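Trainee: Would you mind keeping the following structure in view while I ask a few things?
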């Protein structure tokens, strides 16, 4: 199976328009457009019954104690952990693609209720649920 994107290559940063948060010198972090990246999948193995898409950042600081705090820096030696950005299940088992912004085109406080996706697909909880726990305006 092959999965590709017109927006970024493997192990490269996604474009800022697809990011939830963008580094900002004045505010440290500003909210991005939170658009899903364009993705295409082809060459599915024979007998594939369903697809699952999981987008993971494998290099997130293991502690957010210093995150977005004036005068604080996240130490480079701080261990890193995976952070799940997006989960979609029950994608039909055919070659296909998602256009940029087709499933996510903005930040929704409290999370998205039944976001769009391929027919029959479902989107699951991601690590933003825990990340936003202390923010009443974003918790979901």
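FYI, it's all coordinate maths here, none of it is from the lab. Keep in mind that what you see is a predicted model, and the values were worked out from it rather than measured. In this analysis, Cβ positions are derived from the backbone assuming ideal geometry, glycine residues included, and neighbour counts consider all displayed protein chains.
Trainee: Give the relative contact order (percent, whole number) for segment 2-131; include only Cα pairs under 8 Å separated by 6+ residues. It would help to have the intermediate numbers written out before the result.
Mentor: Numbers: 223 pairs, mean separation 34.0, N = 130.
RCO, segment 2-131: 26 percent.
Trainee: Percentage of Cα-Cα pair distances in segment 2-131 greater than 21 Å, rounded to whole percent?
Mentor: On the way: 3925 of 8385 pairs.
For segment 2-131, the fraction of Cα-Cα distances above 21 Å is 47 percent.
Trainee: Roughly how many nanometres apart are two label points built 7 Å out from the Cα toward the Cβ at residue 80 and residue 95?
Mentor: Distance between the two pseudo-spin positions: 3.4 nm.
Trainee: According to a simple spin-label model (label point 7 Å from Cα along Cα-to-Cβ), what is the distance in nm between residue 24 and residue 70?
Mentor: Modelled inter-label distance: 1.6 nm.
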